[in-house]
Amino acid sequence: MTDRILIAGSGQAGFQCAASLRQDGFDGEIVVIGEEAGLPYQRPPLSKAYLKEANADRLLFRNADFFEKNRIDLEDGRTVTSIDRADRTVTISDGRTIGFGQLVLATGTRNRRLPLPGIDLGNVLGLRSLADAEILRAKLASASRLVVVGGGFIGLEVAATARAAGLDVTVLEATARLMSRVVSPPISDYFLAFHTASGVDVRLNALARAILDDGAGKAGGVELGDGERVPADLVLVSAGVVPNAELAEAAGLYVHDGVRVDDLLATEDPAISAIGDCASFPFGQDGLQTRLESVQNAVDQAKCLSRRLVGHPERYDKLPWFWSDQGPHKLQIAGLTAGADHHEIRGGLDEGKLSVHCYRRGELIGVETVDVPGDHMAARRLLTQPAPVTLEAVRASGYDLAALMKANAARG
Ligand code: FAD
């Protein structure tokens with residue numbers, strides 16, 4: 001029997017799990033198998049600072065010394081290809097078989113591939129990895145017309161950067177508003193106004209039907225559902241992701257929009273856990289299976305799992321929070337706001353900032369802000385207090401979340 005902890009995936013969650021295990025006192029072997037070549041790095045800057053600065057070293061979580069000192073065996077440039085649950089072994093793409101005491105699946109997601117004619121043409125790109133970002137950065141430098149398919153966080157971040165660099169930019173969003181899956185309508189409206197004012201041509205309810213050939217095997221434009229043709233010499237497809245869960249599924253584990261885990265982040269096999277973007281876990285009082293794509297979720301789940309693997313199990317119940325930088329604006333979200341039945345709005349584009357308080361059945365479930373970091377931080381504290389925060393209490397505070405947080409803290 002080995003006490004080796006084997007981690008599949010060397011992204012945000014896999015790296016954090018390995019680092020936390022050492023911090024938490026685990027003394028056994030840690031092996032991290034990572035598909036991407038090189039040291040683990042953070043993805044958020046890929047659609048932000050990296051496109052401008054191109055400084056790959058600044059993306060690294062830690063340098064090579066860290067892995068050596070902490071006896072973390074990073075095996076990069078290879079994948080875990082199968083799991084034998086009975087033998088407690090995995091096979092690796094280089095042909096080896098490795099045993100494990102505990103296996104952590106931290107395999108993340110991959111970009112959704114749209115079944116569009118022309119999707120394989122040159123200059124049709126996706127953005128997930130550092131390698132993708134390097135290609136995108138180089139192409140942006142010589143392109144003049146960018147079409148972004150998908151008006152979510154990543155597509156809009158790139159759109160803002162490309163527009164600031166002087167490109168003509170069109171964003172095609174299939175639904176009726178931007179970032180519709182993750183933010184409330186007032187936030188969508190705010191960013192629609194911002195991007196439009198910056199000169200980005202934002203098309204809502206716009207379905208891409210085909211990517212057009214420029215006659216030389218490269219993208220020449222995008223055809224919409226109504227037949228309109230939007231010219232382009234570069235197309236970024238940013239239309240969501242799918243979890244990398246096939247490995248778990250092939251091993252007979254339950255998979256439904258990700259690898260299903262319980263509130264201890266364990267699968268139905270006590271020797272196999274899943275964390276980060278690839279994991280579907282029970283969220284909130286209703287225990288609804290939820291899969292999140294964020295740094296906070298990857299880091300906090302990795303830390304929580306590490307605690308369990310060293311003998312201190314804790315339920316995973318951390319507050320989700322997110323951010324997105326679009327042009328000069330910082331969007332921050334505390335809590336999951338999709339289920340809100342009431343919004344209270346402070347500020348707007350004229351004031352250059354916005355706070356949207358999201359309620360369900362009279363209780364605050366989340367706060368979305370643009371350029372109001374104080375509200376975001378206060379919301380994160382308020383939403384982790386045991387007692388629910390009511391609409392009446394927020395109104396009575398004059399919508400001052402920081403004051404309310406201080407008053408609650410003083411009351412104990
Ligand atoms: P990943 O970081 O995706 O790591 C998974 C790794 O596993 C990958 O390297 C993958 O190649 C590897 N892998 C897959 N299968 C195997 C296998 N069988 N064997 C071995 N390795 C395997 N989040 C935010 O909170 N804020 C942001 O502003 C933000 N911006 C983003 C911008 C971009 C461009 C992208 C792509 C993501 C952004 N995110 C942001 C999301 C955030 O980066 C992810 O939520 C986070 O990286 C998830 O960590 P993870 O470890 O679960 O997955």
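Nothing in this text is a laboratory measurement; each read-out follows from the coordinates by a stated rule. These numbers come from a predicted model, not from an experiment. Using ideal geometry, Cβ is built from the backbone for each residue, glycine included, and neighbour counts are taken over all protein chains shown.
Tabulated results
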{"item": "Which listed pairs, of 48/218; 139/353; 48/353, have C-alpha distances above 29 Å, in listed order", "result": "139/353"}
{"item": "Cut-off 11 Å between beta-carbons: net charge of the residues surrounding residue 325, Lys and Arg +1, Asp and Glu -1", "result": "0"}
{"item": "Prolate/oblate/rounded label for the stretch 221-358 (Cα gyration tensor, a/c 1.5)", "result": "oblate"}
{"item": "Modelled FRET efficiency - R0 51 Å, residue 264 with residue 52, Cβ distances, 0.05 increments", "result": "0.80"}
{"item": "Three-way shape label, the chain, alpha-carbon gyration tensor, a/c 1.5", "result": "oblate"}
{"item": "Residues 343, 357 arranged by fewest to most Cβ contacts within 10 Å", "result": "343, 357"}
{"item": "Projected label distance in nm at residue 204 and residue 93, using a 7 Å step from Cα toward the beta-carbon", "result": "4.2 nm"}
{"item": "Spatial separation of Cα centroids for the stretch 149-197 and the stretch 1-60, in angstrom", "result": "30 Å"}
{"item": "Whole-Å semi-axes of the ellipsoid equivalent to the stretch 1-43 (Cα gyration tensor, √5λ, descending)", "result": "19, 12, 7"}
{"item": "Within straight-line cross-link reach of residue 69, lysines at Cα separation under 27 Å, skipping those fewer than 8 residues along the same chain", "result": "303"}
{"item": "Three-way shape call for the stretch 296-346 based on the alpha-carbon gyration tensor, with the a/c threshold at 1.5", "result": "oblate"}
{"item": "Residue-count net charge about residue 354 - beta-carbon cut-off 9 Å; Lys, Arg +1, Asp, Glu -1", "result": "-1"}
{"item": "Full-extension gain in nm, residue 181 to residue 113, via 0.36 nm per residue minus C-alpha separation", "result": "22.7 nm"}
{"item": "Computed [θ] at 222 nm, helices only, for the chain once each DSSP H run of length n ≥ 4 contributes -39500 (n - 2.57)", "result": "-7500 deg cm²/dmol"}
{"item": "Residue 286 paired with residue 2, simple spin-label distance in nm, labels 7 Å along Cα-to-beta-carbon", "result": "4.2 nm"}
{"item": "Length released on extending from residue 141 to residue 338, taking residue separation times 0.36 nm less the Cα-Cα span", "result": "67.2 nm"}
{"item": "Fewest-first ranking of 368, 363, 293, 68, using other Cβ atoms within 10 Å as the exposure measure", "result": "68, 363, 293, 368"}
{"item": "Residue 63-residue 23 FRET efficiency (beta carbon distance; Förster radius 25 Å; 0.05 resolution)", "result": "0.90"}
{"item": "Cα centroid of the stretch 99-123 to Cα centroid of the stretch 335-378, whole Å", "result": "33 Å"}
{"item": "Packing rank of 31-42, 241-252, where each peptide gets the mean count of other beta carbons within 10 Å, highest leading", "result": "31-42, 241-252"}
{"item": "Potential extension, residue 400-residue 229 segment - 0.36 nm per residue separation minus Cα distance", "result": "56.8 nm"}
{"item": "Within-13-Å neighbourhood charge of residue 69 [Cβ basis; K, R +1; D, E -1]", "result": "0"}
{"item": "Cβ-Cβ FRET estimate between residue 409 and residue 317, R0 fixed at 22 Å, reported to 0.05", "result": "0.65"}
